[in-house]
Amino acid sequence: MTTSTSSRGALILAGGRGERFWPWSTPERPKQLLPLASGGRTLLAATFQRALQLMPAERIVIMTNAALVAACERECPGAIVVGEPMGRNTAPAIAAAAAFFGDSDAFAVLPSDHAIDDEAAFVADFDRAFTLAAREPLLVTFGIKPTSPETSFGYIQRGAALSDRVHRVARFTEKPDLARAQEYVAGGQHAWNSGMFVWGKRTFMQALSVGRPAVAEAFAGMSFRRGDERAFEAAIGQVFSTVESVSVDYAVLEVAPNVVTIEAAFDWDDLGSWSAWARRQPVDARGNVTWGDAVPVDCERCVIVGDGAPTAPMGLQDMVVVTTPQGTLVCRREDSEQVRRVTEAVRARKGRP
């Protein structure tokens, strides 16, 4: 059994702040709205373009921060963009967006801040996932073959094999310590949890009613159509103010018995740092990655961004130097995953939460 595009949909989650790309990322222009994807596209626009290969724009819902609705509409023309009144994590966001789809529909859940370049493999894997979700009441996840013992990712332990690259899920583990992550990579039975899913609306809501019945009940019976976005935002505003903030991993996936995983054939990177982004970019003769008005002088293996002003470091090696109207960042490439500490320090100095 296969699914037609009229019974498919997608939810793109676009509400994150992306603080690890400070000072380029700001609350007004978070990570997903930065030109970090291939070809200088924003990550959100690239995610939307991938989704368009699976279904038409009118079947794609974007859930975002209320202040980012206009920006997301510009990046995703023709999509349905809904502004969340407040952040309530992924389980409530997915339950709210499910109100757009029919009970017999299946929809994908796609984070908006991942880098994927092999679009043909992506489409083939998601076609397969939609077929699985249409054939059986399954919650389909995508596992990424780990290349290193990352401690910032969740892991999926594979269970019984169902078919080529498709397994039952034995267990989810959130962000293990280094020793455990090393065991997972060496053992060959674990994959990184990509945070991308495909499931039938009915299947998801039934699983949510078991894992978090109060959350499922809060959204039961809700529906909306294109053109009703602002009224729907007002309706979910009342729900979001009272519903539990919980991730879909905790609310559904870690307790449901019908979860399967596809070992992804496509490339994937969550671009969690300046260094991670630089690994996917072209380099000059001395290994530097540059963007915008960047002029490296006698530099090697540096990441240099000049947005709104010239950035011209001299004599540096393995450094990140970013200049924007919002601020300037200078750090070692090896420390770029710790940039969130900088954003916290800047907010504290300004007295912001």
Tally of residues being farther than 19 Å from Glu217 by Cα, in a helix (DSSP H, G or I) and among the small types (Gly, Ala, Ser) across region 66-98: 4
Qualifying residue in region 76-98 (condition: without any contact (Cβ under 8 Å) to a residue 60 or more places away in the chain and either more than 30 Å from Asp293 (Cα to Cα) or more than 18 Å from the chain's Cα centre (by Cα) (or both)): yes
Evaluation of Lys201 against (1) touching a Phe, Trp or Tyr at 6+ places or on another chain (Cβ under 9 Å); (2) surrounded by fewer than 16 Cβ atoms within 10 Å (Cβ to Cβ); (3) modelled with pLDDT of 95 or more (one fails), failing number: (2)
Residues of region 147-171 that turn out to be charged (D, E, K, R) and either outside the structural domain of Glu183 (by TED's automatic domain parsing) or assigned to a strand (DSSP E or B) (or both), as a count: 3
Residues located in region 7-32, provided they are over 30 Å from Ala133 (Cβ atoms), at pLDDT 90 or above and in contact with a helix residue (DSSP H, G or I) (Cβ under 6 Å, 6 or more places away or on another chain): Phe21, Trp22, Ser25
Hits in region 115-172 (condition: of a type in the set (Phe, Trp, Tyr) and under 16 Å from Glu183 (Cα atoms)): Phe153, Tyr155, Phe172
From Pro176, Pro149, Pro137, residue being within 30 Å of Ser336 (Cβ to Cβ) and touching a Ser or Thr at 6+ places or on another chain (Cβ under 8 Å): Pro176
Residue satisfying condition, being under 25 Å from His114 (Cα atoms), in contact with a strand residue (DSSP E or B) (Cβ under 9 Å, 6 or more places away or on another chain) and among the basic types (Lys, Arg), within set Arg280, Arg230: Arg280
Residue match in region 238-257 (condition: over 20 Å from Asn65 (Cα atoms), surrounded by fewer than 20 Cβ atoms within 10 Å (Cβ to Cβ) and either over 23 Å from the mean Cα position of the chain (by Cα) or in the same structural domain as Gln326 (by TED's automatic domain parsing) (or both)): yes
Verdict on Ala345 being over 20 Å from Pro35 (Cα atoms) and at pLDDT below 95: yes
Candidates Thr328, Thr311, Thr324, Thr290, filtered to the one that is among the β-branched types (Val, Ile, Thr), surrounded by 13 or more Cβ atoms within 10 Å (Cβ to Cβ) and either in contact (Cβ under 8 Å) with a residue 24 or more places away in the chain or assigned by TED's automatic domain parsing to the domain that holds Ser25 (or both): Thr324
Filter result for Ser273 (of a type in the set (S, T, N, Q), touching a residue at least 60 places away in the same chain (Cβ under 8 Å) and buried (at least 21 other Cβ atoms within 10 Å of the Cβ)): yes
Subset of region 130-153 [under 18 Å from the mean Cα position of the chain (by Cα) and modelled with pLDDT of 95 or more]: Leu139, Val140, Thr141, Phe142, Gly143, Ile144, Lys145, Pro146
Test result for Thr173, modelled with pLDDT under 95, among the β-branched types (Val, Ile, Thr) and surrounded by 14 or more Cβ atoms within 10 Å (Cβ to Cβ): yes
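The values are calculated or read from the model by the stated rules, or taken from the named source; none is laboratory data. None of the values given here were measured: they were computed from a predicted structure. FYI the Cβ positions are ideal-geometry reconstructions off the backbone, even for glycines, and counts take in every protein chain you see.
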